[in-house]
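The values are calculated or read from the model by the stated rules, or taken from the named source; none is laboratory data. These figures come from a predicted structure and were not determined experimentally. Cβ coordinates were reconstructed from backbone atoms using ideal geometry, including for glycine residues, and neighbour counts include every protein chain displayed.
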């Protein structure tokens, strides 16, 4: 299967390695003619993702995304319980997310490039389902009991904190003057950004028959939000952001509506009855409705399409002008709102055995790739070629590129390792055969191939393989040097490799330089 001598394997297995029973690992550099050009780290800041679903209008469309090439798990930060219900945010190359249960809750900041912990601000309330909002160096964080805290990101300190009359899992949105958030007492609140004082409130029911789980959207001085009446009928409201006065409301013959999205004078919202509704933003009149299946998350809206994820694990693409169905795609069970980035639709899943991020071709609805993380309930955040994911216990960064644009691991030399390709077999020059991030059970050797350049000869290198989060092989040896195609292999000497998720970590001079993730099922 592999084009190396038995002697070469035997020597490399013993080079500073330790392994669980049955597992061995080795490294090889083939002097292939093919090399990739050196990439330098970009100096330009990546685009921001400062609010849940990307922007105040909640469209979930990453217009400036650059998602080309294959996915790799770049880093993972173990956040513990309570991180998976809120989306991460990205501002000025820093990742922010709220996590934790009561007594351990915090707003946490990480470096986007490598996941390095930067700082945290403790919270005396529990965020759950409410993604923060960030603007002008300030973050607004809400808790399940109705607490709202404003945090200065430069000083890492709480500016003010207040509490709504009841709890909330709604995500805030802000303009230059107000913070808007819904609560479980059927009220939309507008708070002063400076001190948290209530400026107005809009009640949409009797205080006992509505739910404000959906989050408000904001565009052109109007706040849109959805709710459900005591009779089980959903309503969509347009409210003047400055005064709190109702402009119109739309009530379809349907149960609860979910977080709306606004684009080009049309408001879109999915509902429990399985329909997506398109409503004129000026008048509140229905433009079209299209049945796709029960929805309980925000839709994504692009120039020409509306994307809706159904509760039973189907992703639907609709024509934005007519509501006509373009395609259906299976994504496994999900409460996760889709996000469109380039030619991909990204949606998370919590379905047993398929938990993680799924990428669907925007044009065709065909599956492009999957990265199995933990259970996902909140939509991703996008910045350039980086995808940020929160699962049930961690925050993960997935990068899409054919070659690394990061530079680290050598004494000032420009260097890179390309994305890792996984396969059971390779060609004579170490080209992977039928690579993928999900491989069928049956192989005894798993090959991880990548190109590299600029890493100094005999630079210390450490390789670590994990199976379902548990270390099975670790090995230390000097880097062989040269601009070459490189190969890392893990083998089970007792038979086929066990079913599970395999992760490889490659460290150059004690710096985590490359990771990869593949699942055998």
Within the range 148-171, residues assigned to a strand (DSSP E or B) and either without any contact (Cβ under 8 Å) to a residue 24 or more places away in the chain or not assigned by TED's automatic domain parsing to the domain that holds residue 297 (or both) come out as 152, 159, 163
Within the range 160-170, work out how many residues are modelled with pLDDT of 95 or more and crowded, with 21+ Cβ neighbours inside 10 Å.
0
Residue among 110, 73 that is in a strand (DSSP E or B), at pLDDT 90 or above and either within 17 Å of the chain's Cα centre (by Cα) or buried (at least 20 other Cβ atoms within 10 Å of the Cβ) (or both)
110
If we keep just the residues of the range 172-183 that are part of a loop (DSSP other than H, G, I, E, B) and either out of contact with any strand residue (DSSP E or B) (no Cβ under 8 Å at 6 or more places or on another chain) or modelled with pLDDT of 95 or more (or both), which is surrounded by the fewest Cβ atoms within 10 Å (Cβ to Cβ)?
176
Filter pass, residue 87 being modelled with pLDDT under 95, under 18 Å from residue 161 (Cβ atoms), crowded, with 21+ Cβ neighbours inside 10 Å and assigned by TED's automatic domain parsing to the domain that holds residue 222
no
Members of the range 330-356 found to be at pLDDT below 90, in a strand (DSSP E or B) and over 12 Å from residue 313 (Cβ atoms), listed by number
356
When you look at residue 129, is it more than 18 Å from the chain's Cα centre (by Cα), under 27 Å from residue 225 (Cβ atoms) and surrounded by fewer than 22 Cβ atoms within 10 Å (Cβ to Cβ), yes or no?
no
Flagged in the range 312-331 as surrounded by fewer than 16 Cβ atoms within 10 Å (Cβ to Cβ) and within 19 Å of the chain's Cα centre (by Cα), in numbering order, are 330
Hey, residue 424 at pLDDT 60 or above, on the phi < 0 side of the Ramachandran plot and not assigned by TED's automatic domain parsing to the domain that holds residue 343 or not
yes
Have a look at 458, 477 and point out the one that is in a loop (DSSP other than H, G, I, E, B), over 23 Å from residue 399 (Cβ atoms) and at pLDDT below 85.
458
